[in-house]
Amino acid sequence: MTMKKATKPEFGKGIRALLANPAQLEQAVQENPQEVVRELTSNVAMLPISQIEANPFQPRIEFDQTALDELAASIRIHGLIQPVTVRRLHDKAYQLISGERRFRASQLAGLTEIPAYVRLADDQQMLEMALIENIQREDLNSVEVAMSYQRLIDECSLTHENLSERVGKQRSTITNYLRLLKLPPEIQRAVKERKLTMGHARALAGIDNIALQLSLYRQVIEQDLSVRAVEELIARYQGGKTAKKGKEDARLPEHMRNIQDQFSAFFGAKVQLKRDAQGKGQLVVKFSNDGDLNRLIDLIEKG
């Protein structure tokens, strides 16, 4: 009679299946812990949000409710782009390691499950090796690389200098990647889906006006703008913003200056709003050439 050989756990069947089978996971951890950590590190599991609990040992963090509501609204539309990180307690319980703000916003958004990277106990050394190895993959997009850098910083307690040495990249390169994680979810998703290049995203990440970021992003998609064209638009906007303001602008109340900034964000150009005490005034939108004027006309027609 031929004896049937015991089969090793198959990682290719999916992380969720592996996590749902405690016996199989424990066998895999005993036989090849490094392979398990590598698999968990490079793949995202969709976990029921009800099975995730906050870490009681982390210091309490207060979150701005308005900011949480705004993130929740974005998550309802675009989903959770950046996964949280959890530690597996057992097959139906996980403890949050990082991403509490995203976790809370996902709860507010009414999600029943969220994407997560899963950690095991005592996997610190193997985690760092696996994350660095993961960064070398050729199929990663820029946002995924940025997420790996952020995980190394958050979960392995690395400084930017340490990280630079570990991955053999200049600190400025790492900083440029990390700034992508501050872009609006809509833009991050476009980078992940390779609809937007790293060059475009890096240029958009260099401005702190979310409305302008989104306006320029949509122009890139609709008009197939080059990176250089986007950089020129941003330089023109920032040049107009930092230029010395005239007396009329200085007299504008704050809510009118906000309106002026909104127009600048919409047009991607310097806008000057003038208004007298009786409420009369004018709105001046500046352009540099005929091509720029046609771009403004297109925006107005589409708006």
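In summary, Gly99 fulfils each of the numbered conditions (1) surrounded by fewer than 19 Cβ atoms within 10 Å (Cβ to Cβ); (2) on the phi > 0 side of the Ramachandran plot with the single exception of condition (1). For the stretch 49-71, taking the residues that are part of a helix (DSSP H, G or I) and at pLDDT 90 or above, the one that is surrounded by the fewest Cβ atoms within 10 Å (Cβ to Cβ) is identified as Ser50. Scanning the stretch 1-41 for residues that are of a type in the set (S, T, N, Q), surrounded by 13 or more Cβ atoms within 10 Å (Cβ to Cβ) and modelled with pLDDT under 80 turns up Asn21, Gln24. Annotation: of all residues in the stretch 102-148 being closer than 18 Å to Arg87 by Cβ and of a type in the set (Asp, Glu), the one that is surrounded by the fewest Cβ atoms within 10 Å (Cβ to Cβ) is Asp122.
For Val191, the test of being at pLDDT 90 or above and within 28 Å of Phe287 (Cα to Cα) is failed. For Gly79, the conditions (1) buried (at least 16 other Cβ atoms within 10 Å of the Cβ); (2) closer than 28 Å to Leu214 by Cβ are fulfilled apart from (1). Against the condition at pLDDT below 90, assigned by TED's automatic domain parsing to the domain that holds Arg194, of a type in the set (Asp, Glu) and part of a helix (DSSP H, G or I), how does Glu128 come out, does it pass? Yes. Within the stretch 92-110, does at least one residue satisfy the condition of being assigned to a helix (DSSP H, G or I), of a type in the set (Gly, Ala, Ser) and under 19 Å from the mean Cα position of the chain (by Cα)? Yes, the stretch 92-110 contains at least one residue that is assigned to a helix (DSSP H, G or I), of a type in the set (Gly, Ala, Ser) and under 19 Å from the mean Cα position of the chain (by Cα).
The values are calculated or read from the model by the stated rules, or taken from the named source; none is laboratory data. Since the model is a prediction, treat every value here as computed from it, not as a measurement. A quick note on method: Cβ atoms are made from the backbone with ideal geometry, for glycine too, and the neighbour counts reach across all protein chains shown.
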